[in-house]
Amino acid sequence: MTDHVLVTVEDGVQIVTLNRPDKKNALTAEMYGIMADAIEKADADPAIRVTYFTGSGGSFTAGNDLGDFAKAGTAPADEQPKEKPHVTRFLENLAEARKPIVAAVNGLAVGVGVTMLLHCDLVYAGESATFQMPFVNLGLVPEAGSTFLLQRQIGIQKAADLFLTGKKIGAAKAEALGLVADVFPDNELPVEALACAKALAAKAPNAVRATKALLKDNDRPRVGEARETEGRIFAAQLRSDEVKEAISAFFEKRQPDFSKFG
Ligand code: COA
């Protein structure tokens with residue numbers, strides 16, 4: 001059992017802390033497994049009213065572990081996993097969760113570290129938090145139903161601006177775009193965001209769950225369709241030479257060269 005994700009419960013709030021600070025909390029399969037289990041547990045356990053995601057060491061998460069992406073891209077194509085991959089389980093559980101999910105973004109959020117926020121019911125950020133979805137820069141496409149959810153939330157131009165450029169934005173811009181409910185001074189975020197989660201956990205649970213359902217249920221089928229389509233294209237791109245070049249460039253600390261691809 002890894003300590004790369006810590007799970008505790010306080011006053012009805014399940015606190016899930018991404019805890020791999022030397023790698024900026026980059027997510028491995030094992031970490032997705034614990035995150036997926038936490039959401040399942042919350043929905044099954046009456047003592048848990050809210051799940052709360054945050055990161056340790058001054059980062060939320062640098063997204064999927066790029067070493068894992070490289071390995072997945074070179075695994076034999078006909079090798080079907082016997083069980084559903086943890087990342088798939090996590091993304092499904094996140095999209096289908098019945099109880100509220102709160103996120104406290106305490107530093108950089110990259111890739112799935114941002115797309116997961118689109119499923120969270122309340123997102124709070126520290127004032128120096130940053131948000132970036134560099135899927136295209138890595139030769140990949142967005143995932144987690146984000147091509148549907150992001151344009152739904154911020155409009156297609158703003159969504160394309162974030163997805164196609166892979167630019168990094170700060171907390172103030174994220175709040176202005178509507179990706180974040182509130183921004184706190186960095187040192188106050190852990191206390192303030194957790195207090196909001198605990199206040200939510202103390203509210204009438206049926207009313208909270210019904211309100212979440214009213215906000216989310218209409219879109220669930222379309223989110224699921226987007227997630228599946230993105231997943232197919234993502235898996236194909238993962239095997240591409242574009243991704244090999246992008247990931248080699250990251251670990252070799254150089255700029256990728258996509259000029260040879262047509
Ligand atoms: N996967 C694997 N390792 C990662 C990682 C990731 N997604 N993100 C960071 N790391 C590792 C780095 O390789 C480095 O490891 P090392 O100390 O063994 O060399 C360590 O975490 C610290 O990262 P570093 O790049 O030195 O920190 P930084 O503050 O200069 O930059 C980031 C932080 C997140 C901007 C940068 O690491 C980055 O761009 N990471 C890749 C993010 C990404 O593309 N994620 C996938 C999105 S789909």
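The values are calculated or read from the model by the stated rules, or taken from the named source; none is laboratory data. These numbers come from a predicted model, not from an experiment. Here the Cβ positions follow ideal geometry from the backbone for every residue, glycine too, while neighbour counts run over all protein chains shown. Heads up: the accessible areas ignore ligands, DNA and RNA and are worked out on the full protein's heavy atoms, side chains in. Shrake-Rupley method; radii C 1.70, N 1.55, O 1.52, S 1.80 Å.
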Looking at region 70-79, is at least one residue acidic (D, E), open to solvent by 40 Å² or more (accessible area, probe 1.4 Å) and within 16 Å of the ligand (Cβ to nearest atom)?
no
So how many residues does region 220-240 have that are small (G, A, S) and assigned to a loop (DSSP other than H, G, I, E, B)?
1
How many residues does region 207-234 contain that are surrounded by 14 or more Cβ atoms within 10 Å (Cβ to Cβ) and touching a helix residue (DSSP H, G or I) at 6+ places or on another chain (Cβ under 9 Å)?
10
Hits in region 36-63 (condition: within 16 Å of the ligand (Cβ to nearest atom) and either open to solvent by 30 Å² or more (accessible area, probe 1.4 Å) or within 23 Å of E192 (Cβ to Cβ) (or both))
G55, S56, G57, G58, S59, F60, T61, A62
Which of (1) at pLDDT below 95; (2) within 14 Å of the ligand (Cβ to nearest atom) is the odd one out, the single condition V114 does not satisfy?
(1)
Reported set for region 138-183 where residues are hydrophobic (A, V, I, L, M, F, W, C), open to solvent by 20 Å² or more (accessible area, probe 1.4 Å) and in contact with a strand residue (DSSP E or B) (Cβ under 6 Å, 6 or more places away or on another chain) is A181, V183
